[in-house]
Amino acid sequence: MSTNWRISTFNGALLAAYFVPTWTIVAFKIMISPIHGFYERPNIAVALFVSDHLQLAAMGAVRFAWLLALGKLTVVAFFALFLVFITRASIRKTGGCDEALGMALVIGSLISFASMVMASQVGETAALRLHATELLMLLGTAIVLLVERPAKTLAMPWPARAI
């Protein structure tokens with residue numbers, strides 16, 4: 001069983017083990033109390049950037065917080081779908097789970113990159129380190145996913161397939 005796990009699949013499962021609980025908790029805190037959840041540690045750089053540079057009213061900040069929570073829950077959903085796909089050996093061996101992982105990596109990378117840029121603009125070094133670390137984890141998995149190709153199945157001759 002251990003011979004049919006690709007590096008990108010294993011790495012994606014490890015990423016899902018981090019991002020699913022972490023970003024779900026952050027998104028639910030925003031959904032329960034939008035302003036309080038928006039100004040917590042994982043989102044502080046985005047909240048400060050929105051309030052300082054975009055000068056949104058309270059309702060605009062709430063809408064932006066909900067949009068951030070929706071984006072993070074979308075990444076969580078794609079990681080969860082990826083975890084469901086890798087439980088099936090035939091899908092895992094052929095690389096059928098790569099689309100869900102790829103979508104999670106792209107959307108998550110965009111959110112982490114934007115958050116990192118906002119953290120650098122407002123001078124939040126702890127948030128900058130957090131978002132840079134998340135971005136590097138996502139980009140590392142994306143590079144492994146792009147370089148590693150699915151295992152090729154050998155075509156069996158016709159009489160052997162009929163058995």
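Please give the calculated 222 nm ellipticity per residue for the chain, where each DSSP H segment of at least 4 residues contributes -39500 (n - 2.57) and the sum is spread over every residue; nearest 500 deg cm²/dmol?
Working: 8 runs with 125 residues, N = 163.
Mean residue ellipticity, 222 nm, calculated: -25500 deg cm²/dmol.
Using DSSP loop states and a limit of at most 14 other Cβ atoms within 10 Å to flag trypsin sites (Lys or Arg not before Pro), what is the longest stretch of the chain containing no flagged site? Can you show the working numbers first?
On the way: sites that count: R88, K152.
With a cap of 14 other Cβ atoms within 10 Å, the longest stretch comes to 1-87.
So, R0 is 22 Å and r is the distance between the beta-carbons of W66 and I25; what FRET efficiency does that work out to, to 0.05?
Numbers: r = 16 Å, r/R0 = 0.73.
So the FRET efficiency works out to roughly 0.85.
Sequence gap at least 6, Cα distance under 8 Å: using those rules, report the relative contact order of the chain to the nearest whole percent. List each step's numbers first, then the result.
Values: 163 pairs, mean separation 45.7, N = 163.
Worked out over the chain, it gives 28 percent.
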- Cα-Cα separations in region 45-109 greater than 16 Å, expressed as whole percent: 56
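Note the per residue figure in Å³ for the convex hull of the C-alpha positions in region 1-64.
Working: hull volume 6.5 nm³, N = 64.
Cα-based convex hull of region 1-64, divided per residue, equals 101 Å³.
Viscosity 0.890 mPa s, temperature 25 °C: give me the Stokes-Einstein translational D for the chain in µm²/s, with Rh taken as the Kirkwood radius over C-alpha pairs. List each step's numbers first, then the result.
Numbers: Rh = 17.3 Å.
Stokes-Einstein gives a translational diffusion coefficient of 142 µm²/s.
What does the charge count near V144 come to, summing +1 for each Lys or Arg and -1 for each Asp or Glu among other residues with Cβ under 14 Å from its Cβ?
Residues near V144 contribute 0 overall.
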- For the chain, the longest principal axis of the Cα atoms and the Cα long axis of helix 7-32 enclose an angle in degrees, to the nearest 10, of 30
- Note on the structure: Simple SL model, points at 7 angstrom along Cα→Cβ for I35 and A89; separation in nm is 5.6
- Query: Build a GNM of the chain with springs between Cα atoms under 10 Å: which of T94, T24, T141 gets the top mean-square fluctuation?
  - Reply: T94
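Since every read-out is calculated from the coordinates, none of them should be taken as a lab result. These numbers were taken from a predicted model, which means no experiment stands behind them. Using ideal geometry, Cβ is built from the backbone for each residue, glycine included, and neighbour counts are taken over all protein chains shown.
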